[in-house]
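**Student:** Take a look at the following structure, please.
Please treat every number below as a calculation from the coordinates, not as lab data. The model shown is predicted, which means the values in this text are computed figures rather than measured ones. Don't worry about glycine lacking a Cβ; one is built from the backbone with ideal geometry, like all the others, and counts go over all protein chains shown.
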Amino acid sequence: MSQTAPVRVVVVGAGVVGLSCAVRLLEAGHRVDVLARDLPRETTSAVAAAIWYPYRAEPRDRVGAWGSRTYAVLAGLAADGVPGVVVRSTTEVVADTDAEPWWAATVPSVRRVASPPGYAAAWRFDAPVVEMPVYLDWLADRVEELGGTVTRQVLSALPSGGDVVVDASGLGARLLGGDRSVLPVRGQVVRLAQWGLEEAWLDGSGPTYLVPRAHDVVVGGTADEGDWSRTPTPEVATAILARAARLVPEVASARVLSHKVGLRPVRPSVRLERDAVDPRVVHCYGHGGSGVTLSWGCAEEVAALVGPPG
């Protein structure tokens, strides 16, 4: 009986999207090597507050489907005790509308609650929260357990080797894929020492968010279009904390641990498709502020595009 030969897949990018793609491809029976300029803890993914929430990603129909699938997978990982993944009660406040969030149908329950003073409405739901440095380590370990590799390599173009190349390069797609529609949207956050906060808070108008983790609380943020600076700005940090204190007053007295900046890879729509010119290449980038939120749904679609071994 003949055996099918594994397809050699090169995944470019070691953020949450690239590693999730690698895991699903390895589970499907492919040989997978991840190549990236930045190793997992050096990526934008490592800076993310990483709460399940669709942000700066289009189109809504595809984002809704990818997000719904990712929600289910992350909730399952939390139930299985995967390091760094928990489900937290989350409240979103809105200042200018009482319309239900467009993504409400993609999560198990979204319910209206009393809104704080100055807000038009508030919604509560359970959201997966991912402590990214810990989770990225778990993903990288999972890749290696399944027989894959993660290697630092600076590329000037998508690699010519491999039967299939998965382009999960985020902002790197500007260079590697010549896609100038991908732009950075700079996000600055402040890490505060955890004081016992258990619930996450979101206010999209800032954007303002407080995401509690085991030992810290990630407070953000900013959405600076086209800004490539990775240097935190003290004045911006002060403004972030002032906005957050409107939602959770304890922020004002919390101890600051560090300041971080990440560059979200935003484009008019997430690109997930096989390349029309080079069919070896499957593109998967442009997830904006929704890398974690869409990661498993997108990874499974990439694996479906690549197909089975043989």
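**Student:** Testing the spin-label approximation: label points 7 Å from Cα along Cα→Cβ at ASP98 and SER253. State their distance in nm.
**Tutor:** 3.5
**Student:** Taking only C-alpha pairs under 8 Å that are 6+ residues apart, what is the relative contact order of the chain in percent? Each step should come with its number before you reach the end.
**Tutor:** Working: 722 pairs, mean separation 85.5, N = 310.
That works out to 28 percent.
**Student:** Can you list the residues of the stretch 120-158 with backbone N under 20 Å from a point 7 Å past the Cα of ASP278, pointing along Cα to Cβ?
**Tutor:** Output list for this probe position: 151-158.
**Student:** Right, another one. Could you tell me which of rounded, prolate or oblate describes the stretch 21-65, using a ≥ b ≥ c as the square roots of the eigenvalues of the alpha-carbon gyration tensor, with rounded for a/c under 1.5 and, failing that, prolate when a/b is larger than b/c and oblate otherwise?
**Tutor:** Values: a/c = 2.61, a/b = 1.28, b/c = 2.04.
Here the stretch 21-65 falls in the oblate category.
**Student:** Also, I was wondering about something else. Please give the FRET efficiency for ARG41 paired with ARG112, using the beta carbon to beta carbon distance and R0 = 30 Å, rounded to the nearest 0.05. Don't skip to the answer; put the middle values down first.
**Tutor:** Values: r = 39 Å, r/R0 = 1.29.
Efficiency for this residue pair is about 0.20.
**Student:** What is the packing order of peptides 147-157, 11-21, 179-189, 267-277, taking the mean over residues of other C-beta atoms within 10 Å and listing the highest first?
**Tutor:** On the way: 147-157: 12.6, 11-21: 30.4, 179-189: 19.4, 267-277: 15.0.
My ranking of the peptides, most packed first, is 11-21, 179-189, 267-277, 147-157.
**Student:** Also: Hey, can you grab everything whose amide H is under 5 Å from the amide H of TYR55? Only 5+ residues off in sequence or another chain; H modelled, so Pro and N-termini drop out.
**Tutor:** GLY289, SER290
**Student:** With θ taken as phi - 60° and the coefficients 6.51, -1.76 and 1.60, list the Karplus ³J(HN,Hα) couplings across the stretch 134-142 in order, rounded to whole Hz; mark glycine and proline as x.
**Tutor:** Coupling constants for the stretch 134-142: 5, 5, 4, 4, 5, 4, 4, 5, 5 Hz.
**Student:** Tell me, what ³J(HN,Hα) does each residue in the stretch 99-112 have, in order and in whole Hz, if you take phi through Karplus 6.51 cos²θ - 1.76 cosθ + 1.60 with θ = phi - 60° and put x for Gly and Pro?
**Tutor:** Result, ordered by residue: 5, 4, x, 4, 8, 4, 6, 8, 10, x, 7, 10, 10, 6 Hz.
**Student:** Relative to the present Cα-Cα distance, how much length would full extension add between ALA105 and ASP163 at 0.36 nm per residue of separation?
**Tutor:** Stretched out fully, the ALA105 to ASP163 stretch lengthens by 17.1 nm.
**Student:** Please work out whether the stretch 118-178 counts as rounded, prolate or oblate from its C-alpha gyration tensor, where a ≥ b ≥ c are the square roots of the eigenvalues and a/c under 1.5 means rounded, while otherwise a/b larger than b/c means prolate and anything else oblate? Please list the in-between numbers first.
**Tutor:** Working: a/c = 3.32, a/b = 1.68, b/c = 1.98.
Note, shape of the stretch 118-178 comes out oblate.
**Student:** Ok, one more. Taking only DSSP H segments of four or more residues, each worth -39500 (n - 2.57), what value at 222 nm results for the chain once the sum is divided by all its residues, to the nearest 500 deg cm²/dmol? Write out the running numbers ahead of the final one.
**Tutor:** On the way: 6 runs with 80 residues, N = 310.
Helices in the chain give a 222 nm mean residue ellipticity of -8000 deg cm²/dmol.
**Student:** From the phi of every residue in the stretch 240-257, what ³J(HN,Hα) in whole Hz does the Karplus formula 6.51 cos²θ - 1.76 cosθ + 1.60 yield, where θ is phi - 60° and glycine or proline is x?
**Tutor:** Per-residue couplings from phi come out as 4, 5, 5, 5, 5, 5, 5, 8, 9, x, 4, 4, 4, 10, 6, 7, 7, 9 Hz.
**Student:** Let me ask something else about it. Measure off 7 Å from each Cα along the Cα-to-Cβ vector at LEU146 and ARG124, then give the distance between these two points in nanometres to one decimal.
**Tutor:** Taking the two extended label points, one gets 3.7 nm.
**Student:** When the label point is put 7 Å from the Cα of ALA193 along its Cα-to-beta-carbon vector, which residues of the stretch 200-221 have a backbone N closer than 17 Å?
**Tutor:** 213-219
**Student:** Once you order the gyration tensor axes a ≥ b ≥ c over the Cα atoms, which shape class does the stretch 117-228 get: rounded for a/c under 1.5, otherwise prolate or oblate by comparing a/b with b/c?
**Tutor:** Working: a/c = 2.72, a/b = 1.57, b/c = 1.73.
Judged from the Cα gyration tensor, the stretch 117-228 comes out oblate (a/c at least 1.5, b/c at or above a/b).
**Student:** Considering every Cα-Cα pair within the chain, what fraction, in whole percent, is farther apart than 26 Å?
**Tutor:** Numbers: 21061 of 47895 pairs.
Pairs farther apart than 26 Å: 44 percent.
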